[in-house]
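First up is the structure itself, then whatever we jot down about it.
The values are calculated or read from the model by the stated rules, or taken from the named source; none is laboratory data. The structure presented is a predicted model; accordingly, all values stated were derived computationally and were not measured. Because the Cβ atoms are built from the backbone with ideal geometry, glycine has one as well, and the counts that use them run over all protein chains shown. Ligands, DNA and RNA are excluded from the accessible area calculation, which covers all protein heavy atoms including side chains. Shrake-Rupley method; radii C 1.70, N 1.55, O 1.52, S 1.80 Å.
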Amino acid sequence: MIRYFCFIFSLVGFPLLLSAQSFPALDLPLSLGEKELPNAWAGGLNSPQFYVVRVDSDDQPELVVFDRVGHFFMGFVREGDSWKYDPNLLAHFPQVREWVIFKDYNGDGVSDLFTFSDAPGISSVAVYQGYFEADLLHFRRVAFPNSYDLLEYARNTGKNQLLYVTNIDIPAIDDLDCDGDLDVATFNAAGGLLELFVNLSVESGFGRDTLLFRLADPCWGGIYETGATEQIDLSAAPGTCAYENLTAPEGLEFRHTGSALNTLDMNNDGLKELLISDVSFNNLSLLYNAGTCEQAWFDQQEVFFPEGDIPVRLPTFPAAFVLDADQDGLTDLVVAPNLSLGGKDFDQVWCYKNVGSEAFPEFKRVAENWLVGDMLDLGTGAHPVWVDVDADGLLDLVVGNMGFLGPDYHRDSRLFYFRNTGSRENPVLELADSDFLGLRAYQDFTFNFVPAFGDLDGDGDLDLLVGEEGGGLFFAENLSGSGQPMRFGAWEYPFAGIDVGNSSAPFIADINNDGYPDILVGERNNGNINYFQHLEPGSGRQFEPNQALSPNVERFGGIDTRIPGYINGFSAPLVVPSKGGRLLLTGTDNGRLECYALPDSNFAQPFEQLSETWGGVYTGTRTKISLGDVNGDGLLELVIGNYRGGLGVFATDLKINNVATDVANAPARPLLRVFPNPTHDLLQLQTDSPGSLELYDIQGSIQLRQSVQTGLQTISLEALPPGTYLLRFLTTDGAAIAQKIVRY
């Protein structure tokens with residue numbers, strides 16, 4: 001059955017497409033083998049950060065997940081003994097980036113938010129104060145007396161300076177000096193030394209509602225991180241710094257390249273131990289605090305924590321989060337990669353249950369795919385297409401991925417086929433093939449597969465183009481014929497010699513309404529869409545491979561999906577007919593869905609942009625979309641893939657109109673049935689529109705031309721020799737359709 005998360009507007013037709021309101025999320029049943037994924041459409045995880053936060057007005061806390069990849073918030077509510085994704089729970093959260101920490105700095109019982117700077121080129125901390133409005137957690141930006149509104153501290157000179165935290169680090173924000181307010185521990189700009197900034201708000205008579213910091217210790221706990229080994233260098237005694245006694249081996253320069261910190265009391269002595277990881281390694285270390293509230297001193301370390309169980313070994317750069325993951329009243333440990341790019345992207349969320357007590361935690365690993373194991377997650381990148389693979393009248397789902405990142409940084413990229421085993425009204429998707437058509441065999445030289453279906457050879461069935469990282473196209477011909485389950489021939493690469501540079505994302509449609517299939521190809525660079533027009537019969541080729549040569553258009557409609565100042569655009573086009581005219585939609589690197597009015601000609605001229613954020617939905621970066629009426633309601637459902645390797649599904653108010661195939665990414669055209677095919681002397685043709693028929697041989701010479709009336713009529717082929725022909729049918733109102741005919 002279909003589960004609607006929420007409806008926030010009425011489905012009233014095309015004009016609402018361009019409004020600022022959001023399309024509602026859908027929850028379609030989806031399973032991998034025998035396991036139905038309860039959070040299938042949450043969108044996947046790559047580099048997540050985890051916090052238990054009270055988000056609504058009840059007493060039950062919610063799970064907040066923030067992923068560095070796409071800078072995306074996800075909210076989960078507790079249902080029984082598991083977490084259930086709620087796509088609307090965090091709608092009022094601010095747009096932030098890199099890292100987040102939820103702490104109540106002002107003691108009002110509401111979580112506040114610390115996060116990375118939003119000022120370009122400035123490495124510091126932004127702060128948001130939490131408050132409740134309409135029973136939901138909201139945030140307002142905390143102002144500071146500097147032009148960036150970023151966290152600062154008082155220097156001995158009397159002047160204030162921004163508190164430095166890099167984008168790849170995660171600082172420790174906790175009460176580290178036992179005085180009841182929040183302090184900050186972070187690595188200094190030079191690297192290696194951990195600085196402690198204490199909050200003087202209470203001591204200064206302001207209460208806890210002010211953030212007033214000073215640098216209290218430039219070598220907090222006495223430690224130094226060289227980045228050369230997993231070992232952290234410890235000082236010999238409280239009040240001393242390990243850095244003073246270090247000598248770098250010849251040719252080695254000590255440097256700090258990135259660390260993730262967290263704190264917790266492991267032995268109930270009121271002092272915080274330090275969990276620390278480094279960008280260069282896959283381990284997590286625990287440093288024990290043998291000092292005092294006034295003077296921390298880390299004198300012992302578990303380099304490979306936890307030593308009493310399966311130590312963290314998570315390539316690369318793990319980060320630790322302490323939270324009650326299973327809501328049993330005890331603080332657990334969750335570990336995940338902290339890199340935006342290049343970290344492990346599957347089986348990468350390790351959960352350690354606290355099997356000890358809150359006073360004396362003891363951690364035991366219970367899962368290596370905690371939470372993400374309940375989602376559809378294809379590693380990195382997801383490129384979906386609705387299509388009826390098995391010809392049962394139900395839309396299935398084919399998804400390409402950028403790949404699962406292996407330990408040797410090799411991408412395991414494939415096509416996945418999810419068969420719809422439900423009904424027209426109640427779709428149910430099940431994984432039927434995790435290496436559809438064997439594209440995995442090509443991963444030694446390419447990856448990042450982006451599928452597109454369309455009738456490229458005019459025989460009435462849907463062929464397959466697949467984009468790839470190198471910018472070319474794979475082609476597989478559908479050998480089955482119209483209305484039959486898909487059966488493909490061998491892969492052809494590169495198709496038609498087309499190469500757009502990097503990360504090709506194809507789409508097949510009759511763009512210029514001449515009855516022949518054209519190809520749009522998005523790409524990584526420049527944010528443009530390339531238009532490859534089908535050549536006239538007799539040219540000897542289907543397409544001109546050079547996108548800069550006529551009749552091709554290299555910058556289709558003048559579209560540029562890049563954010564100003566950025567190189568990559570990752571355009572991913574789709575054309576869909578609508579009541580108001582054809583729409584061109586495209587995914588983007590920044591995750592927005594852009595919408596343009598597609599004209600019938602003048603493709604080099606700038607198109608009218610109807611919406612920069614079509615549908616009002618955001619699921620993360622590097623989006624790829626497909627539209628199809630998957631539930632038989634006459635409206636198109638939107639599936640969105642993102643860079644985290646997951647998918648989201650949304651209801652739209654776009655009517656299916658006259659789309660004649662069961663694939664929304666095909667142009668509207670009149671009904672045409674041609675049978676039998678192959679044939680000998682006679683061809684039956686049935687259409688709902690009058691027009692004219694033209695029949696071309698394989699050299700492109702016209703062999704037959706005659707008028708066609710509505711209904712069923714017979715065409716004689718007796719005068720033609722056996723062979724393969726292209727039938728082109730043009731209606732009186734200008735629509736066209738082409739189909740391959742075989743006479744034996």
Count of residues meeting criterion [within 25 Å of Ile563 (Cα to Cα), touching a strand residue (DSSP E or B) at 6+ places or on another chain (Cβ under 8 Å) and either among the polar types (S, T, N, Q) or part of a strand (DSSP E or B) (or both)] in segment 129-153:
1
Tell me yes or no: at least one residue of segment 35-45 is at pLDDT below 95, surrounded by fewer than 21 Cβ atoms within 10 Å (Cβ to Cβ) and touching a Leu at 6+ places or on another chain (Cβ under 9 Å).
no
For segment 678-703 the number of residues that are open to solvent by 40 Å² or more (accessible area, probe 1.4 Å), at pLDDT 85 or above and aliphatic (A, V, I, L, M) is 1
All but one of (1) open to solvent by less than 20 Å² (accessible area, probe 1.4 Å); (2) outside any strand (DSSP E or B); (3) within 22 Å of Val398 (Cα to Cα) hold for Phe570; state the number of the condition that does not hold.
(1)
Please pick out the residue among Asp217, Asp135, Asp118, Asp175 that is open to solvent by 20 Å² or more (accessible area, probe 1.4 Å), of a type in the set (D, E, K, R) and over 37 Å from the mean Cα position of the chain (by Cα).
Asp217
Taking segment 420-465 only, how many residues are closer than 28 Å to Arg673 by Cα and under 22 Å from the mean Cα position of the chain (by Cα)?
4
Restricting the search to segment 512-537, which residues are in a loop (DSSP other than H, G, I, E, B), buried (at least 22 other Cβ atoms within 10 Å of the Cβ) and acidic (Asp, Glu)?
Glu523
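Yes or no, residue by residue, for (1) under 14 Å from Glu468 (Cα atoms); (2) open to solvent by less than 10 Å² (accessible area, probe 1.4 Å):
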position	(1), (2)
Ser413	yes, yes
Asn420	no, yes
Arg424	no, no
Glu430	no, no
Phe436	no, no
Leu439	yes, yes
Gly454	no, yes
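Looking for something over 28 Å from Cys595 (Cβ atoms), modelled with pLDDT under 95 and either in contact with a Ser or Thr (Cβ under 6 Å, 6 or more places away or on another chain) or not aromatic (Phe, Trp, Tyr) (or both) - is there at least one such residue anywhere in segment 511-533? Let's see the steps before the verdict.
The first filter runs over segment 511-533 and keeps only residues over 28 Å from Cys595 (Cβ atoms), leaving none.
No; the residues of segment 511-533 include none that is over 28 Å from Cys595 (Cβ atoms), modelled with pLDDT under 95 and either in contact with a Ser or Thr (Cβ under 6 Å, 6 or more places away or on another chain) or not aromatic (Phe, Trp, Tyr) (or both).
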Give the residues of segment 81-128 that are closer than 25 Å to Ala651 by Cα and touching a strand residue (DSSP E or B) at 6+ places or on another chain (Cβ under 7 Å), sorted by residue number.
Trp83, Lys84, Tyr85, Asp86, Pro87, Leu89, Leu90, His92, Phe93, Pro94
Determine if segment 570-582 includes at least one residue that is out of contact with any strand residue (DSSP E or B) (no Cβ under 6 Å at 6 or more places or on another chain), aromatic (Phe, Trp, Tyr) and touching a residue at least 24 places away in the same chain (Cβ under 8 Å).
yes
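Looking for whichever is part of a loop (DSSP other than H, G, I, E, B) and open to solvent by 20 Å² or more (accessible area, probe 1.4 Å) here; the options are Leu314, Leu339. Which one fits? Even if it seems obvious, please write down each step before you answer.
Working: Leu314 fails: open to solvent by 20 Å² or more (accessible area, probe 1.4 Å).
When all the criteria are applied, what remains is Leu339.
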Restricting attention to segment 33-74, which residues are more than 20 Å from Thr619 (Cβ to Cβ) and not polar (S, T, N, Q)?
Gly33, Glu34, Lys35, Glu36, Tyr51, Val52, Val53, Arg54, Asp56, Asp58, Asp59, Pro61
State the number of residues belonging to segment 489-511 that are surrounded by fewer than 22 Cβ atoms within 10 Å (Cβ to Cβ) and part of a strand (DSSP E or B).
1
